[in-house]
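Peer 1: Could you have a look at this structure, given as structure tokens, before my questions?
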């Protein structure tokens with residue numbers, strides 16, 4: 001029987017659509033910037049692959065996170081707070097869905113711990129890439 005992470009991976013496209021919609025609802029800066037809004041779905045999908053690896057306890061590169069930070073800094077009107085808020089919304093949405101997919105008695109706490117650690121790295125990578133791009137480094 002697949003575990004909650006496998007079930008989440010099997011529905012990842014739908015999960016990404018829900019996460020994208022939730023970010024657009026909860027972080028108005030994405031709605032206000034047409035380029036940011038158009039890039040959001042593909043970036044959520046890119047980061048979802050790393051999220052699944054993190055939930056499985058596998059190493060992640062955080063390359064997608066750095067790409068989001070660079071793109072947000074260079075091509076959009078988004079400030080760093082909006083980008084980081086979007087990451088928090090996505091993190092919470094994936095954790096909520098994982099918990100909903102957990103079978104009775106299935107312990108997903110280790111997966112969530114791994115995920116939170118990877119997301120802490122991701123938000124640091126986003127911030128670093130964003131600030132470096134804004135300062136011209």
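Peer 1: Helix 109-135: angle to the longest alpha-carbon principal axis of the chain, degrees 0 to 90, nearest 10?
Peer 2: With rounding to tens, the tilt is 10 degrees.
Peer 1: Another question, if that's okay. In whole angstrom, how far apart do the alpha carbon centroids of region 55-72 and region 16-33 sit?
Peer 2: 19
Peer 1: Another one. Given a cut-off of under 8 Å on Cα pairs at least six residues apart, what relative contact order in percent is computed for the chain?
Peer 2: With pairs under 8 Å counted, the relative contact order is 35 percent.
Peer 1: With labels modelled as points extended 7 Å from the Cα through the Cβ direction, what inter-label distance (nm, one decimal) is found for residue 32 paired with residue 96?
Peer 2: Reported label-point gap for residue 32 and residue 96 is 2.3 nm.
Peer 1: For the chain, take the longest principal axis of its alpha carbons; what is the angle in degrees between that and the long axis of helix 34-55, to the nearest 10 within 0 to 90?
Peer 2: 40
Peer 1: When a/c reaches 1.5 or more, the comparison of a/b and b/c decides; with that in mind, is region 93-137 rounded, prolate or oblate per its Cα gyration tensor?
Peer 2: Prolate shape, in that a/c is at least 1.5 and a/b is the bigger ratio.
Peer 1: At a Förster radius of 30 Å, what calculated FRET efficiency corresponds to the Cβ-Cβ distance of residue 134 and residue 21, to the nearest 0.05?
Peer 2: 0.60
Peer 1: Could you list log10 I(q)/I(0) for the chain at q = 0.10, 0.19 Å⁻¹, which the Debye formula gives when each Cα is one point scatterer?
Peer 2: -0.31, -1.03
Peer 1: Then there's this: Using only Cα atoms, figure out Rg for region 45-119 and give it as a multiple of 2.2 N^0.38 Å.
Peer 2: For region 45-119, the normalised Cα radius of gyration comes out at 1.20.
Peer 1: For residue 10 and residue 88 in one chain, what is 0.36 nm times their gap in residues minus the Cα-Cα distance, to one decimal in nm?
Peer 2: The residue 10-residue 88 span can extend by a further 25.8 nm.
Peer 1: Tell me the angle of helix 12-26 to the major Cα principal axis of the chain, expressed in degrees between 0 and 90 and rounded to the nearest ten.
Peer 2: 50
All of the numbers you see were taken from the coordinates with simple rules; none came from a lab. All of these numbers come straight from a predicted model, not from anything done at the bench. Backbone-built Cβ (ideal geometry, glycine too); neighbour counts: all protein chains shown.
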